[in-house]
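*Asks:* So that we are looking at the same thing, I have put the structure below in structure tokens.
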Amino acid sequence: MDLPNEFDVVVLGTGMPESIVAAAFSRIGQRVLHLDKNDHYSGDWASFNLNSLEEWAQRHAEGSASVDCIARPAVNDSEILESNERLIEMPLNKTSFSNAVVEYFVSGTDENNEKIDENQQEAGKETPDIPENLEARVVKPVESEDHGKTEQSTHKDELTPSHIESHPGQSKPDDVTEVSDRLAAVGVAVKEATENGDASNATLGKADKPQSSETIGGVQQEIKARLWTTSRIKSEWRRFNLDLSPKVLFSVGDMVELLIQSDIAKYCEFKTVTQILTVMKGTVEKVPCSRSDVFSSQSVSMLEKRMLMKFIQFCLDYENKMEELGDVLDAPFTDFLASRNLTPTIQHYVQHAIAMATESMATRQGLLQMKKFLKSLGRYGNTPFLWSLYGSGEMPQSFCRMCAVFGGVYCLRTTASAITVDEANRCTGIVTTEGKKIKCKWLIMSSSYAPDQFLSISGDKRLVSVSRGVLLTEKSLLTTGQQELSMMCLPCPDDGDRPINVLELPPSSMAAPPGLYVYHLTRMGKKSVSPKDDLQYAVDTLFSKEDCNETTPRILWSLFFTQTDMSQVSPSACVPENVFLMSGPGAEIDIDRPVSEAREVFKKILPNEEFLPKAPNPEDIIYIDDSEAQAASSNSQSEFEETSNSQSEPSLIEDREESENQAHDRLVEEPTN
């Protein structure tokens, strides 16, 4: 590719913080060149289909050869460098992943399924007649034909590319109305989910109820009989979206606010996390989080319900009660919970499900995490979290789209083989892997792209890692008749400071084909411990490898790998003053840290500019001549406006000069927790 010779900003890596900052600079008119050495976007935050993930695992297996496929170009220093410049070589084969192991726990062929098909054909009339579209309605997460009527929603025909799906089990009409109204006001369209049931425990909608029980049972038996095999799983490879670093969004968090503020939400689709789970006395239970969940829960007594609500109110206002807390803030959070006279059940819920606190975490940090959790409740659902459909890897790509819309230039499989530095220790440009020198004013890179001398990591910090696992099963951890998107913080008896975070993704999350569930396991790593051994407690506690238990999910496929934790890296003293290093993903569950990090870098470079302002309304653009205006008008009519017979929908992009009264009419007061 013939690239320009000079840019204002060069960004290396398309991970989350790099993509945010690239969009921010491009949005205000800076010339941005965004490079990635991989053949895919999102870097260490990427999502893959099954084939790509297994190929990735082979390249990052223990003892595998170099993962680098980019050759270092031959550079003539006299032609590249000016008299006062020197070269600093960049690593091309550096990776954050290792110890990847893929394993199947099912048979390799479909012989059993072929026999089942033959038996069904021989049975002839004995097999109940099944409507052709019934299996699709039962198995696949598609909208029912009468969705628009039963839900009384106008979102079915919306032209909006982004929405948040709320869980069908959250049936309170006021909750659904509030989500719809709030998001219409900020430019995110909401659609209530219509996916019902999983492949082994299907729930039919109202329109399907007249079907006979024999027919429904026949479909379920057929689905159950068709066993998952290696070849069957591989045949569905395109329908998987599996993350390297899965993250959720707090409903009232920095990422959600940035998506709303910048209007990048129109590039995204979300689904609410529907339940928080925990393990009590060897049993998986749902944790009551919202006020309605608390008082409808059968797991806690009336006394415990009042106790929990009173403690929640205290935690929401703890910053105004510092005198009452005193020196307790520096004591362990577990001691603080014990001092509040909470029952063991409530203590467990608070520590492991709401605050998600470790054994040694200080009370100050525990209260901070608990308040963040509680403040996000009720905005979009009964839990504080949102999940990005098609995987967390979609999030960086959304910001890359914004950068490209405003003129950013993108090149994959290309990076900097070296940077040029002058005598004042300022970066003057880069030398690409194609041997071309490109000048720049600022260089921003992922820490995984930086040479070791740029990283201020010493001692044990260099050994910090994250153990990750990805599992495929046929069942949910807690079957409710719905496709639950669940989270769990599982404390481990061997080390209370390293719990295992479990994320359950049903087919409706677009992570897997119908009939399969994806589980992501995440834990802070430990020196000399393999990721599989590190996560074995969760595997033994929550899953099985044999189909001997009707309630415990059986593992069909697994991937375990180690990821270097680059979330806490700091630049060393030798880093040029106009070069910025961005952190990588860590073991944290949310995606707010990259937002504050990108904002900080942006403000250091351009302190007087607005960080990712909202894109202008196409109707507000002033065109140079009549021909451009006429062309723009026709394009706008065909892409954004509905026909006269269609019911008008809320605009995705609000007028920036909209009156306060008009805005107030579309806003709904946020519920009090």
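*Asks:* Work out the FRET efficiency for LYS281 and SER360 from their Cβ-Cβ distance, taking R0 = 22 Å, and round it to the nearest 0.05.
*Replies:* About 0.35, to the nearest 0.05.
*Asks:* Would you mind calculating the gained length between LYS614 and GLU6 on full extension (0.36 nm times residue separation, minus the Cα-Cα distance), in nm to one decimal?
*Replies:* Going from the current span to full extension adds 216.2 nm.
*Asks:* What ³J(HN,Hα) values, in whole Hz, does the Karplus curve 6.51 cos²θ - 1.76 cosθ + 1.60 give for segment 389-400 when θ = phi - 60°, with x put for Gly and Pro?
*Replies:* After applying 6.51 cos²θ - 1.76 cosθ + 1.60, I find 4, 6, x, 5, x, 6, 5, x, 5, 5, 6, 5 Hz.
*Asks:* For a test of the definition: using alpha carbon positions, the gyration tensor, and the 1.5 limit on a/c, classify segment 404-529 as rounded, prolate or oblate.
*Replies:* Details: a/c = 3.80, a/b = 1.76, b/c = 2.16.
The shape class here is oblate.
*Asks:* Another question about this same structure. Short version: ³J(HN,Hα) in whole Hz for each residue of segment 285-295, in order, from phi by Karplus 6.51 cos²θ - 1.76 cosθ + 1.60 (θ = phi - 60°), x for Gly and Pro, what are they?
*Replies:* 10, 8, 8, x, 10, 7, 4, 5, 5, 4, 7
*Asks:* Output ³J(HN,Hα) for segment 497-503: one whole-Hz value per residue in order, computed from phi by the Karplus curve 6.51 cos²θ - 1.76 cosθ + 1.60 with θ = phi - 60°, and x for Gly and Pro.
*Replies:* The phi angles translate into 8, 10, x, 9, 8, 10, 10 Hz.
*Asks:* Provide the packing ranking of 273-284, 299-310, 587-598, 505-516, i.e. peptides ordered by the mean count of other C-beta atoms within 10 Å per residue, highest first.
*Replies:* With the highest mean Cβ count within 10 Å placed first, the list reads 505-516, 587-598, 273-284, 299-310.
*Asks:* Pairs of alpha-carbon atoms within less than 8 angstrom and 6+ residues apart define the contacts here; what relative contact order does segment 15-114 have, in percent?
*Replies:* Details: 50 pairs, mean separation 27.3, N = 100.
In percent, rounded to a whole number, it is 27.
*Asks:* Provide the FRET efficiency to the nearest 0.05 for the CYS411-ALA61 pair, computing r from the beta carbons and using R0 = 35 Å.
*Replies:* FRET efficiency, CYS411 to ALA61: 0.80.
*Asks:* Treat each spin label as a single point 7 Å out from the Cα along the C-beta direction, and report the ALA74 to LYS310 distance in nm.
*Replies:* 8.1 nm
*Asks:* Moving on to the next point. Any chance you could run the full-extension gain for GLU423 through ASP330? It's 0.36 nm times the residue separation minus the Cα-Cα distance, nm to one decimal.
*Replies:* 28.8 nm
*Asks:* Something else about it: Simple spin-label model, 7 Å along Cα-to-Cβ: GLU434 to ARG239 in nm?
*Replies:* A separation of 3.9 nm, rounded to one decimal place.
*Asks:* Between TYR104 and ASN320, how many nm apart are label points set 7 Å from Cα along the C-beta direction?
*Replies:* For TYR104 paired with ASN320, the spin-label model returns 6.1 nm.
*Asks:* While we're on this one: If each residue of separation counts as 0.36 nm, what is the full-extension length gain between ALA404 and SER299 once their alpha-carbon separation is subtracted? Before the final figure, lay out the partial values.
*Replies:* Working: separation 105, 0.36 × 105 = 37.80 nm, distance 5.09 nm.
Taking 0.36 nm per residue and subtracting the Cα distance, the gain is 32.7 nm.
Values quoted throughout were computed directly from the atomic coordinates according to the rules given, and no laboratory measurement underlies them. Small disclaimer: the values here were computed from a predicted structure and weren't measured. Note that we place each Cβ from the backbone using ideal geometry, even for glycine, and neighbour counts take in every protein chain shown.
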